[in-house]
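Here's the structure we're looking at; comments come further down.
The values are calculated or read from the model by the stated rules, or taken from the named source; none is laboratory data. This one's a predicted model, so the numbers in the text were calculated from it and none came from an experiment. Using ideal geometry, Cβ is built from the backbone for each residue, glycine included, and neighbour counts are taken over all protein chains shown. Keep in mind that these areas ignore ligands, DNA and RNA; they rest on the heavy atoms of the full protein, side chains included. Shrake-Rupley method; radii C 1.70, N 1.55, O 1.52, S 1.80 Å.
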Amino acid sequence: MKAAEVSMGSALLVLLTTLLLCREARASPPASVVKCSSGNKNCTVSNSYGAFPTGASAGELFLAVSNASIKKQHMKVVTVYSHSIPKLSCPGGPAGAGLVISTERLNKVVSVDLSTNQMTFQAGITLRQLLDAAAARGLALPYTPYWQGVTLGGMLGTGSHGSSLFGKGSAVHERVVGLRLIIPTSDPINGLYAKAIDLVEGDEDLLAAKVSLGVLGVVSQVTLQLEPMFKRSITNRVQKDVGFEHNIPTFAASTEFGDIIWYPAQSKVVYRDDIRLPVSIPGKAKNDFTGFQPQISLVVAGIRGTEELLELTDNSDGKCLVSKLQVATLLETGSGLKNNDGSIIDFTGYPVIGNQSDMQTSGSCLFSKDDSLFTVCAWDPRISGLFYHQTTISIPVTEITSFIADVKKLRDLRPSALCGIELYYGFLMRFVRNSTAYLGKTSDSVDVDITYYRSRKPDTPRLDEDVLEEIEQLALFKYNGMPHWGKNRNVGFLTVRERLGEKGDKFVAAMAKYDKDGLFSSDWTDAILGLRGKSPVTTGKGCALEGLCICAFDEHCAPSKGYYCKPG
C-alpha cells in the first residue's frame, strides 16, 4: 500500500509552474484509490492513487458490514481520495481476504437545524462539499485542514485540524455533537448482523468515536455544531528569525487563525496574521494556495528530476539557491491568495478579506476538467512528480521555545542541510488545543509539519538525512511530541500508546465494546495502539532510511554509501 498525504509543502516545488498557466483552471483530477481486477474483487488499496469501484450507499453499509460479520471478514473504510500516509485503509486478516468499503457516494446533507446552527452530513462528504453546503445556509465550520480533498469521516478518523488555540481549538472533531456508527453484531437484527449506534454529546463513547482510526466501525453520518458565516482577514508578515521562538505562545494566544512558517536556512519567519471579521465587512477574496493549483506535468517531472540530480551530486547549496527563489516568488504572489477586487492581477496586496468558506482551505487541482494529464496535482502518481516523506508532530506549547532553540543549534552547524525542506514549505507551525477525545491531543500544542524529499529507491539515503533524523527524534522523544495519526513515518508512532496513558486504555476498551472480534482492526492499527504484540517498527538492512526503525547498527543505514549509525 503506497502512501502520501498532501501537505502545503508537498506542492511548493512546482510554485513557478503556476506562472505558466492561464487563469482558467484546468487539470486532470486525481484517479481514485482502489484498483480491482475483477469487478469489486481482487482489489489493491493505495492512497490518492488508482481507480475506484462504486461506493456504498447508506443502506448498503448495513449489508456490507453484516456480510463481513457473518464471515468474520476484516474490513476497512476507504474515502474518495484517501490522503493518509500510514496504512489506515488496509484491512487486516489474511492478505487479499479483506473487505474495503467505499464511502464515495455517502456525500449528502442529512439534515439542517438553523435554530441551533447544527447540520448533519454523511461521512463521505468532502470538506469542499461540506463548506459549500454550510455556506449556502449562511453557516461556517470555523476550523479545518488547509487541504480540501479530505472527507468528514477521514478528518475525524485521523484527528485533522486547522490552526487555533481559541475556544475548543482547531480540531474538526471538537465540533462533533452527534455521530452514527455501523457496527457488527453477533445476533441478527431484522436479518442483518449489523446495527447502528447513535452517539450524542454526553455519551462517553463519543470521546472514542470522534477520533477513531476507523477501528470502531463505519462512521455513516456526523452532526456538527457550526457558526454563522463570518469573514477572515489575512496578512502574511515576514521577519528575521532572531528570538522568534519566544514569541510563539503569545502569537498563538492572540491570533485566532494564525500560523507560522519558518525557513531556517534563510533565517526567515512568516507570521500569518489571520483574524475574524463580521460578514458585513467588504471583501470577496479566495484562498487558492499555489501548491494546490493545477501544475503542468512536464514541468513537475522536470523539477523532480532536478531535485534528484541535486541529491545524486550531494548538492545542498543547489537546493539553497532554488529554495530562495521559490520562497521569494511565493511571498511576492501572496501564496495563492486572490483579492478578487476586479484587477486583472489575482493578488493585489494585504489584507486579503473573504468569507470563511473561501479562505480556510484550498485544492483547485482536484476539481478541474480532465485535460489528459497535461496538468495535474503535483503528487499525482501517473506522472513522475513529487514523492516525499512527512513528519508532523505536536509539541506542547510549553516546550516549543526549547525545541526551536535546539533546531537552531543544528541549523548553525550546517545551514545548507535545511534548504531541502524549504522546497516544501519549511516548518509549518499550527496550533491545536488539548482534547477530551481519547486519541486527541494530550496538551495545548504547536503542530510542526515538515515535508521533505523521498527517494523512489528505498535503499538510497537522502541528502542531509542525518539532520532531519535528529530533528524528528528531538521532537518525539526529548520533547514528548505526539504524531499526527494520518501522517508520519513508522518511527513517529513508537511509544505513542504509553504517551496516551489512561485515555489510550479507555479507547481500547471502546474497541472491545463495539468490535469485539477486531474486524475493523489491522496489523497497523494494532501496532500503533500497542495491541496483540505488534510494533510500528521493524529492523533489517536499511530500515532507518525509510523510517521503519531507529538505527542500532550500521546495517540499518547505508554504510556502503557513507551513512553509518552514530549518536547525535
Candidate lysines - alpha carbon under 23 Å from LYS369, same-chain residues fewer than 8 apart omitted:
LYS35, LYS108, LYS286, LYS338
About the Cα centre, and with charges only on the beta carbon of Lys, Arg (+1) and Asp, Glu (-1), how big is the dipole of the chain? Nearest 20 debye, please.
740
Per the C-alpha gyration tensor (a ≥ b ≥ c, the square roots of its eigenvalues), segment 431-529 is rounded if a/c is under 1.5, else prolate if a/b beats b/c, else oblate; here it's oblate
Once you keep just the Cα pairs under 8 angstrom separated by 6 or more residues, what percentage relative contact order results for segment 231-457?
27
Can you tell me the dipole magnitude for segment 281-400 around its Cα centre, using point charges on the Cβ only (Lys, Arg +1; Asp, Glu -1), in Debye to the nearest 20?
300
For segment 231-457, what is the accessible area per residue in Å², given a 1.4 Å probe and the full set of protein chains?
37
Distance in nm between pseudo-label sites at LEU325 and SER402 (7 Å out along the Cβ direction from Cα)
4.2
Taking a ≥ b ≥ c as the square roots of the eigenvalues of the Cα gyration tensor, with a/c under 1.5 meaning rounded and otherwise prolate when a/b exceeds b/c and oblate if not, the chain is rounded
Most packed first (mean Cβ within 10 Å per residue), the peptides 425-432, 96-103 order as 425-432, 96-103
With both partners inside the chain, how many of the DSSP beta bridges are antiparallel, as a percent to the nearest 5?
95
Any idea which of PHE507, GLY291, SER69 is furthest toward the positive side of the dipole for the chain, if Lys and Arg beta-carbons carry +1 and Asp and Glu beta-carbons -1?
SER69
Can you find, among GLY92, LEU474, SER364, the residue sitting farthest towards the positive end of the charge dipole of the chain, where Lys and Arg contribute +1 and Asp and Glu -1 at Cβ?
GLY92
Estimated dipole of segment 161-280 in Debye, rounded to 20 [Cβ of Lys and Arg +1, of Asp and Glu -1, Cα centre]:
540
Starting from the Cα of ASN434, step 7 Å toward the Cβ, then list every residue of segment 400-425 with an amide N under 17 Å from that point.
400
Net charge over other residues, Cβ less than 14 angstrom from the Cβ of ALA252 (K, R count +1; D, E count -1):
-4
Summing Lys, Arg as +1 and Asp, Glu as -1, what charge do residues with Cβ under 13 Å from the Cβ of ARG414 carry, ARG414 excluded?
-3
Total formal charge among the other residues, if their Cβ is under 15 angstrom from that of GLY518, Lys/Arg +1 and Asp/Glu -1:
+3
FRET efficiency, ILE281 to LYS369 (Cβ-Cβ, R0 41 Å, nearest 0.05):
0.75
Assign one of three labels to segment 231-457, namely rounded, prolate or oblate, based on the Cα gyration tensor with a ≥ b ≥ c the square roots of its eigenvalues; rounded applies when a/c is under 1.5, prolate when it is not and a/b is larger than b/c, and oblate otherwise.
oblate
Difference of contour (0.36 nm per residue) and Cα-Cα distance, LYS71 to VAL200
43.4 nm
Too-long pairs where the Cα-Cα distance tops 20 Å, listed order kept, from LYS441/LYS487; LYS324/LYS566; LYS87/LYS319; LYS409/LYS566:
LYS324/LYS566; LYS87/LYS319
Candidates per trypsin sites (Lys or Arg not before Pro) in segment 432-502, loop by DSSP, up to 12 other Cβ within 10 Å:
ARG456
Run the accessible area of the chain with a 1.4 Å probe and give the carbon-and-sulfur part as a rounded percent.
54
Rounded to the nearest 500, what is the chain's calculated 222 nm mean residue ellipticity when only DSSP H runs of at least 4 contribute -39500 (n - 2.57) each, over all residues?
-6500 deg cm²/dmol
Using 0.36 nm per residue, how much length does the chain from ILE345 to LYS513 gain when fully extended, once their Cα-Cα distance is taken away?
54.8 nm
Solvent-accessible area per residue for segment 109-228 at a 1.4 Å probe radius, Å²?
31
Using all alpha carbons of segment 109-228, what is the percent of pairwise distances in each 5 Å bin, ordered from the shortest bin to the longest?
2, 11, 22, 24, 20, 11, 5, 3, 1, 0
At what distance in nm do the modelled label points of MET229 and ARG137 sit from each other, each positioned 7 Å from its Cα along Cα→Cβ?
1.4
Unit charges at the beta carbon, dipole of the chain: most positive-side option, PRO142, SER170, GLY124
GLY124
